[in-house]
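Taking it in order: structure first as structure tokens, then the write-up.
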Amino acid sequence: MKVLLVGSGGREHALAWKLAQSPLLTKLYAAPGNAGIAQHAECVAIPAHDIDGLLAFALREKIDLTLVGPEAPLVAGIWDKFHSQGLKVFGPTRDTALLEGSKAFSKEMMTKYGVPTAAYEVFTHVKEAKHYVIEAEMPAVIKADGLAAGKGVVICDSAEQAVATLGQMMEEKLFGEAGSKVVIEKKLEGEELSILVLTDGKKILPLASARDHKRVYDHDRGPNTGGMGAFSPSMKIPEQEIGAIIDIAVRPILEGMARDGRPYHGVLYAGIMMTKDGPFVLEYNCRFGDPETEVILPRLRSDLLPVLMQIAGGRLETETLEWHDKACLTVVMVSGGYPGTYEKGFPIRGLEAVKGQDDVAVFHAGTALNARQEVVTDGGRVLAVTAWGDTLKAAHDRVYQVISGIHFEGCFCRRDIGPKAMEVLR
Ligand code: AMP
Ligand code: GLY
């Protein structure tokens with residue numbers, strides 16, 4: 001089976017690593033890929049947003065399955081375009097990818113189908129939005145409606161901060177057109193949880209739960225990022241409860257959309273807050289989570305490729321997935337300055353020493369090869385250093401041991417991925 005993987009991050013490296021283990025795979029291409037993905041795939045220099053370029057390549061190479069990592073091509077309609085040419089894509093249609101592509105649409109769907117979510121208002125006029133936050137209860141959460149690479153959500157503790165945030169999003173266009181509409185919602189308190197399910201629109205196949213860490217600094221301080229570390233299982237929520245959470249947070253939306261003639265297929269990722277009143281959905285994503293994928297896939301014993309293929313073909317046949325009874329943890333090493341501005345092109349030292357170990361995978365998130373064929377930094381999130389073990393503590397200790405041997409100029413990572421969950425278990 002010939003597969004084209006679209007994307008260039010740690011999530012795509014983890015997907016490439018997993019697909020490369022499938023006996024069904026005959027050839028893996030990645031567009032554009034990165035220095036780590038190149039260990040498992042032939043990288044082709046087509047950017048993830050170039051849907052016409054990807055289509056021409058897939059037709060020429062007779063690709064059996066295209067697996068799309070990032071949200072932007074899905075929201076732009078890659079599924080529909082490929083489908084019209086008889087090509088199979090794992091992912092949702094353009095209409096249903098709007099669950100991630102528009103936060104206002106997503107909230108509307110949650111409300112329509114009875115999924116618990118924070119009370120909210122939508123604004124397209126900055127003046128009205130500012131008036132609203134001056135009166136509103138603080139803290140409040142302001143979200144750019146469109147795609148903003150995980151950075152379009154700001155938790156505001158005061159009306160002044162909220163007014164300034166609205167100015168940045170709606171007037172200064174910090175996130176471009178994505179911020180011309182905003183959702184303002186109530187801040188929820190509780191433990192966060194990421195639930196991902198594979199679905200053909202009818203059947204639901206849950207993936208292992210995971211816990212992401214979005215804030216840049218230890219103890220959840222600083223601005224939101226794309227994700228600084230994760231572990232699976234999510235620890236604080238027993239695995240037996242995940243089914244009940246899916247029934248509240250995922251099933252109604254999938255059933256409702258199918259009933260209304262626009263079934264959602266692919267992977268649906270629900271970002272959940274476990275409040276004292278039960279699970280509330282913070283957001284839906286129409287793709288695999290990053291860095292959740294880096295901790296979920298090493299735990300997956302089953303072959304992923306047939307499942308993706310079945311869903312892309314319109315019918316999910318697989319009944320259950322097999323999992324390793326291990327805990328997995330990842331810590332993201334980022335460039336100094338991330339999630340703000342940062343420099344690229346610094347050589348990464350220490351990668352050779354961890355190759356070939358059977359309890360570690362260093363997934364490349366933002367790397368490239370320079371003219372001297374050295375692996376260099378090429379993004380904000382650079383490496384997702386991942387390990388697995390019998391306990392979360394074992395995985396944690398191994399990850400930080402590996403990190404101590406890897407270096408690039410300005411590198412930074414959170415030091416607190418895991419311990420809080422372990423304390424609770426003690
Ligand atoms: P989102 O992109 O909507 O998942 O938001 C990114 C992050 O912002 C989430 O993972 C939460 O940490 C935080 N967040 C979003 N909405 C809320 C909310 N209503 N209450 C508290 N935190 C939130
Ligand atoms: N881990 C957050 C995301 O993938 O959106």
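The values are calculated or read from the model by the stated rules, or taken from the named source; none is laboratory data. Keep in mind the model is a prediction, meaning the values are calculated, not measured. Quick reminder, even Gly has a Cβ in these numbers, built from the backbone with ideal geometry, and neighbours come from all protein chains shown. Ligands, DNA and RNA are excluded from the accessible area calculation, which covers all protein heavy atoms including side chains. Shrake-Rupley method; radii C 1.70, N 1.55, O 1.52, S 1.80 Å.
Can you name the residue in segment 185-204 that is more than 10 Å from ligand 1 (Cβ to nearest atom) and surrounded by fewer than 19 Cβ atoms within 10 Å (Cβ to Cβ) and, of all such residues, is nearest to I296 (Cα to Cα)?
I204
Does segment 257-275 hold any residues that are more than 10 Å from ligand 1 (Cβ to nearest atom) and either open to solvent by less than 10 Å² (accessible area, probe 1.4 Å) or within 21 Å of L67 (Cβ to Cβ) (or both), and which are they? Walk me through it before giving the result.
As a first pass, look at segment 257-275 and keep what is more than 10 Å from ligand 1 (Cβ to nearest atom): 257-268, 274.
Of everything in segment 257-275, those that are more than 10 Å from ligand 1 (Cβ to nearest atom) and either open to solvent by less than 10 Å² (accessible area, probe 1.4 Å) or within 21 Å of L67 (Cβ to Cβ) (or both) turn out to be M257, P263, Y264, H265, G266, V267, L268.
If the Cβ limit is 6 Å and pairs must be 6+ apart or interchain, which residue in segment 94-105 that is without any contact (Cβ under 8 Å) to a residue 60 or more places away in the chain and under 16 Å from A118 (Cα atoms) pairs with which residue that is aliphatic (A, V, I, L, M) and within 15 Å of ligand 1 (Cβ to nearest atom)?
If the second residue must be aliphatic (A, V, I, L, M) and within 15 Å of ligand 1 (Cβ to nearest atom), the pairs left are F105/L98.
Which numbered condition in (1) crowded, with 19+ Cβ neighbours inside 10 Å; (2) modelled with pLDDT of 95 or more; (3) over 20 Å from the mean Cα position of the chain (by Cα) is the only one that F363 fails?
With (1) crowded, with 19+ Cβ neighbours inside 10 Å; (2) modelled with pLDDT of 95 or more; (3) over 20 Å from the mean Cα position of the chain (by Cα) applied to F363, the lone miss is (3).
Does A230 fit the bill of being among the hydrophobic types (A, V, I, L, M, F, W, C), closer than 20 Å to P339 by Cα and touching a strand residue (DSSP E or B) at 6+ places or on another chain (Cβ under 8 Å)?
Answer is yes for this residue.
Identify, please: which residue in segment 146-178 is within 16 Å of ligand 2 (Cβ to nearest atom) and in contact with a strand residue (DSSP E or B) (Cβ under 9 Å, 6 or more places away or on another chain) and is, among those, most open to solvent (accessible area, probe 1.4 Å)?
That would be K151.
Are any of the residues in segment 276-295 hydrophobic (A, V, I, L, M, F, W, C), part of a strand (DSSP E or B), modelled with pLDDT of 95 or more and away from ligand 1 (no atom under 14 Å from the Cβ)?
No.
Could you tell me how many of the residues in segment 217-233 are surrounded by 20 or more Cβ atoms within 10 Å (Cβ to Cβ) and within 13 Å of ligand 2 (Cβ to nearest atom)?
Qualifying residue count, segment 217-233: 8.
Exactly one condition in (1) crowded, with 24+ Cβ neighbours inside 10 Å; (2) under 20 Å from S302 (Cα atoms) is false for I78; which is it?
All conditions are met except number (2).
When segment 49-75 is examined, which residues are found to be under 20 Å from the mean Cα position of the chain (by Cα), open to solvent by 20 Å² or more (accessible area, probe 1.4 Å) and among the small types (G, A, S)?
A72 - this is the single residue of segment 49-75 that is under 20 Å from the mean Cα position of the chain (by Cα), open to solvent by 20 Å² or more (accessible area, probe 1.4 Å) and among the small types (G, A, S).
Among the strands (runs of 3 or more DSSP E) confined wholly to segment 159-234, which include 1 or more residues that are free of Cβ contacts under 8 Å to residues at least 40 places away in the same chain?
Passing ranges, in order: 215-217, 221-224.
Which pairs do you get when a residue that is closer than 11 Å to A48 by Cα, found in segment 1-12, comes within reach of a residue that is among the acidic types (D, E) and assigned to a helix (DSSP H, G or I), reach meaning Cβ atoms under 7 angstrom, with the pair 6+ apart or on two chains?
L5/E12
Within segment 191-208, which residues are more than 15 Å from ligand 2 (Cβ to nearest atom) and out of contact with any Lys or Arg (no Cβ under 7 Å at 6 or more places or on another chain)? So that I can check it myself, show each step before the final result.
Looking only at segment 191-208, we keep the residues that are more than 15 Å from ligand 2 (Cβ to nearest atom), and these are 191, 198-206.
Residues satisfying the conditions are L198, T199, G201, K202, K203, L205, P206.
Within segment 99-132, take every residue that is assigned to a loop (DSSP other than H, G, I, E, B) and farther than 16 Å from A258 by Cβ and give me the one that is nearest to ligand 2 (Cβ to nearest atom).
Step by step, filter segment 99-132, then rank; the result is S102.
Report yes if K112 is open to solvent by 10 Å² or more (accessible area, probe 1.4 Å) and closer than 18 Å to E283 by Cβ, otherwise no.
Spelling it out, K112 is indeed open to solvent by 10 Å² or more (accessible area, probe 1.4 Å) and closer than 18 Å to E283 by Cβ.
Looking only at segment 301-330, count every residue that is open to solvent by less than 10 Å² (accessible area, probe 1.4 Å) and either over 15 Å from L24 (Cβ atoms) or hydroxyl-bearing (S, T, Y) (or both) and tell me the total.
Residues in segment 301-330 being open to solvent by less than 10 Å² (accessible area, probe 1.4 Å) and either over 15 Å from L24 (Cβ atoms) or hydroxyl-bearing (S, T, Y) (or both): 5 in total.
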